[in-house]
Amino acid sequence: MTTLLVIDDEPGIWRAFEQAFSGAHRVVSVPSAEAALGRLGELKPDLILLDIGLPGMSGLDFLARLKERGDPPPVI
C-alpha cells in the first residue's frame, strides 16, 4: 500500500484527502513542515501533498530541506 503524506495546517484539508484516498492508500497527515521532517524516516512516503503557506517553516523551505536528503519522493 502506498503512503501519502499530507502536510497542511488545516484539519479540513486532512479530512478531505483521507476521505478521498484512504481506501486505496495509507494517508498520514501532519500539521507542520517540522513535524513532517521528524517523521520522514519512519513514514517513507511515496507521495507528499504539501501546503506552501504553513506556520513556522514554509512549504518551500521544507521542499529545499527534503531535496537535501537525496532521492525525495514526488511532491505536489
**Report entry** Inter-residue pairs, beta-carbon under 8 Å, first modelled with pLDDT of 95 or more and in segment 25-40, second of a type in the set (G, A, S), 6+ apart
**Finding:** V30/A36; S32/G56; A33/G56; A33/S58; A33/G59; E34/G56
**Report entry** Answer from D71, D51, D46, D61 - the residue that is surrounded by fewer than 17 Cβ atoms within 10 Å (Cβ to Cβ), acidic (D, E) and closer than 15 Å to L4 by Cβ
**Finding:** D46
Query raised in the report: For segment 34-41, does any single residue satisfy the condition of being exposed (fewer than 13 other Cβ atoms within 10 Å of the Cβ) and out of contact with any Gly (no Cβ under 7 Å at 6 or more places or on another chain)?
Result: yes
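The values are calculated or read from the model by the stated rules, or taken from the named source; none is laboratory data. Remember, it's a predicted structure, so these values are computed and weren't measured experimentally. Neighbour counts run over all protein chains shown; Cβ positions are idealised from the backbone, glycine included.
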